[in-house]
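**Q** Can you read through this structure? Questions will come right after.
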Amino acid sequence: MKVYRYILSRSFTSVLGVLFIITSIDLVFNFFSQLEDINQNYSYADALVFLLQSQPFRTREFIYLCSVVGLLVVFLDNNFLRAFNSLRQAGLKKINFALLAFLPIVIINLASYEYLVPDLTKSAFAERKAKVNQMIKDEPKMVEIRKVKDAYQIISEDISVNFTRAGDIELIAENTEAFKSLNYNSNLKYLRSSELAASSNSAFENYNLIVQTELLRRSVNFLSYFFIFIIGLEILLSFNKGFNTNRILIFGFGACLLYSFLETLIADSITVFGLPFYLQAFPVIFIPIYLYLKRFIFF
C-alpha cells in the first residue's frame with residue numbers, strides 16, 4: 001500500500017507542478033493583456049481580481065494537457081520508475097495505473113462545468129465589462145434566420161417575424177419568448193452542462209447544433225488526452241533509454257496542442273457547415289489506434 005500511495009502522490013504532485021507553472025505563465029500574460037484597459041474605473045486591483053476569478057475557467061481548458069505532461073515527466077524520476085516497475089511485477093497493469101491517475105482529474109474537470117466555475121466566470125466577465133465598457137449601453141443580440149415552407153423567419157430576443165416573397169409579414173410573439181429562455185447570447189463555454197442539456201432540443205436548429213456539439217465535446221474530449229498519455233507511457237516503458245525530458249515534453253505538449261487544434265477545427269466546421277454534431281465524438285478513434293499500436297508496436 002505504501003508503494004501505491006507513493007506512486008499516486010508523486011504522480012499528482014507532478015501534475016500540480018506542471019499546472020502551477022502553466023497557470024502562472026497564463027496569469028502573467030493575461031495580466032499584461034489587461035493593461036490597455038486600465039482606466040479610472042478599472043484599476044490594477046480590479047484587473048487582478050478579474051484574473052483570479054476567471055483563472056479557474058482558463059485552467060479548466062488546459063488541465064488535461066498538464067495532466068498528460070505531468071504524468072509522463074514523473075516517469076523520468078528513477079526512484080518513481082523503480083517503484084512503478086515493482087508494482088508491475090506484482091501485477092499492476094499500465095491501464096489500471098492510467099485510470100487511477102487520470103480518472104480523478106476527469107471527474108474534477110467535468111464537475112467544474114457544473115459547479116462554481118460557470119457562475120464565477122460569468123460574474124467576473126460581467127463586472128469587468130461594466131467597468132471597462134461603460135459607454136456601451138446595448139449588448140449585441142444574436143439573430144436566427146431560417147426558411148419555413150415558403151416563408152422566411154427572423155427570430156431574436158426582441159422580435160420574431162415571418163415574411164414571404166409576396167410581402168406578407170406576421171409577428172410571432174411565442175418564438176420571441178422561447179428565444180429569451182435560451183442562453184443564445186452567452187458564451188456556451190461559460191454555461192453549466194445542465195443548462196446546455198436543458199436547451200439542446202429547442203425549436204431553434206442552429207442553436208441546437210452548437211449546444212449539442214459543446215455537450216459532446218465536454219463529454220468525450222478527455223478520451224483523447226487519456227490515450228495520448230497511455231501511448232506516451234507505452235513509449236516510455238518500451239523505449240525508455242531513448243527518451244529524455246525534452247522528448248517527453250515535445251511529445252506531451254505537441255500531441256495535446258495538435259489535438260486541441262483538431263478539436264477546435266472540427267467543432268467550428270460542424271457549426272459553419274451544419275454537419276452532424278456527433279462528429280465531435282471523433283476522440284473514440286483513439287481507442288483502435290491505441291490497440292493497434294499496443295499489439296504491433298509496443299511490447
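The values are calculated or read from the model by the stated rules, or taken from the named source; none is laboratory data. Quick caveat: nothing in here was measured; it's all calculated off a predicted structure. Heads up, the Cβs are rebuilt from the backbone with ideal geometry, glycines too, and the neighbour counts pull from every protein chain shown.
**Q** Please work out which residue is nearest to the chain's Cα centre (by Cα), limiting yourself to the range 40-52 and to residues that are crowded, with 18+ Cβ neighbours inside 10 Å and either basic (K, R) or assigned to a helix (DSSP H, G or I) (or both). Give the steps one after another, and end with the answer.
**A** Within the range 40-52, the first condition is being crowded, with 18+ Cβ neighbours inside 10 Å, and the residues that meet it are 42, 46-47, 50-51.
Next, from what is left, pick out any that are either basic (K, R) or assigned to a helix (DSSP H, G or I) (or both): 46-47, 50-51.
On the way: D46: 26, A47: 24, F50: 20, L51: 18 Å.
Applying the filter and picking the extreme gives L51.
**Q** Further, regarding this structure: Can you confirm whether Y64 is of a type outside the set (A, V, I, L, M, F, W, C), farther than 30 Å from F298 by Cα and surrounded by 18 or more Cβ atoms within 10 Å (Cβ to Cβ)? Write out each step before concluding.
**A** Numbers: of a type outside the set (A, V, I, L, M, F, W, C): yes; farther than 30 Å from F298 by Cα: no; surrounded by 18 or more Cβ atoms within 10 Å (Cβ to Cβ): yes.
The answer is no for Y64.
**Q** State which residue pairs qualify: first residue crowded, with 19+ Cβ neighbours inside 10 Å and inside the range 182-194, second residue of a type in the set (K, R) and modelled with pLDDT under 80 in any location, beta carbons under 9 Å apart, and separation of 6 or more residues or different chains.
**A** Within 9 Å, the pairs are Y184/K141.
**Q** For the list (1) more than 30 Å from E205 (Cα to Cα); (2) at pLDDT 85 or above; (3) surrounded by 14 or more Cβ atoms within 10 Å (Cβ to Cβ), I need the number of the one condition that L257 fails.
**A** Answer for L257: the failing condition is (3).
**Q** Restricting to the range 14-39, and then to whatever is in contact (Cβ under 8 Å) with a residue 60 or more places away in the chain and in a helix (DSSP H, G or I), can you tell me which residue is farthest from A98 (Cα to Cα)?
**A** Let us first name the residues in the range 14-39 that are in contact (Cβ under 8 Å) with a residue 60 or more places away in the chain, namely 14-15, 37, 39.
From what's left, in a helix (DSSP H, G or I): 14-15, 37.
Details: S14: 14, V15: 13, D37: 44 Å.
Here the answer is D37.
**Q** Where in the range 205-299 are the helices (runs of 4 or more DSSP H), entirely inside, with at least 2 residues that are under 21 Å from L19 (Cβ atoms) and not hydroxyl-bearing (S, T, Y)?
**A** Details: elements: 205-238, 245-273, 286-296.
Counting at least 2 such residues, we get 205-238, 245-273.
**Q** Can you find even one residue in the range 188-198 that is among the polar types (S, T, N, Q), modelled with pLDDT of 70 or more and not assigned by TED's automatic domain parsing to the domain that holds I154?
**A** In the first step, residues of the range 188-198 are kept if they are among the polar types (S, T, N, Q); the result is 193-194.
Adding the requirement that they be modelled with pLDDT of 70 or more leaves 193-194.
Keeping just the survivors that are not assigned by TED's automatic domain parsing to the domain that holds I154 gives 193-194.
Scanning the range 188-198, I find at least one residue that is among the polar types (S, T, N, Q), modelled with pLDDT of 70 or more and not assigned by TED's automatic domain parsing to the domain that holds I154, so the answer is yes.
**Q** Can you pull out the residues in the range 62-103 that are free of Cβ contacts under 8 Å to residues at least 12 places away in the same chain, under 18 Å from E234 (Cβ atoms) and either in a helix (DSSP H, G or I) or basic (K, R) (or both)?
**A** Result: N85, R88, Q89, K93, N96, L99.
**Q** Something else now. Determine, yes or no, whether E114 is outside any helix (DSSP H, G or I) and in contact (Cβ under 8 Å) with a residue 40 or more places away in the chain. First the steps, then the outcome.
**A** Values: outside any helix (DSSP H, G or I): yes; in contact (Cβ under 8 Å) with a residue 40 or more places away in the chain: yes.
When the stated conditions are applied, E114 passes them.
**Q** Report, by residue number, each residue of the range 40-61 that is farther than 26 Å from V220 by Cα, touching a residue at least 24 places away in the same chain (Cβ under 8 Å) and of a type in the set (S, T, N, Q).
**A** N41, Q53
**Q** Restricting the range 123-140 to residues that are exposed (fewer than 12 other Cβ atoms within 10 Å of the Cβ) and under 25 Å from K189 (Cβ atoms), which is modelled with the lowest pLDDT? Can you show your working first?
**A** Initial filter on the range 123-140 (exposed (fewer than 12 other Cβ atoms within 10 Å of the Cβ)): 126, 134-140.
Next, only the ones that are under 25 Å from K189 (Cβ atoms) stay: 126, 136, 138-140.
Values: A126: 82, I136: 47, D138: 52, E139: 56, P140: 54.
Checking each candidate, the answer is I136.
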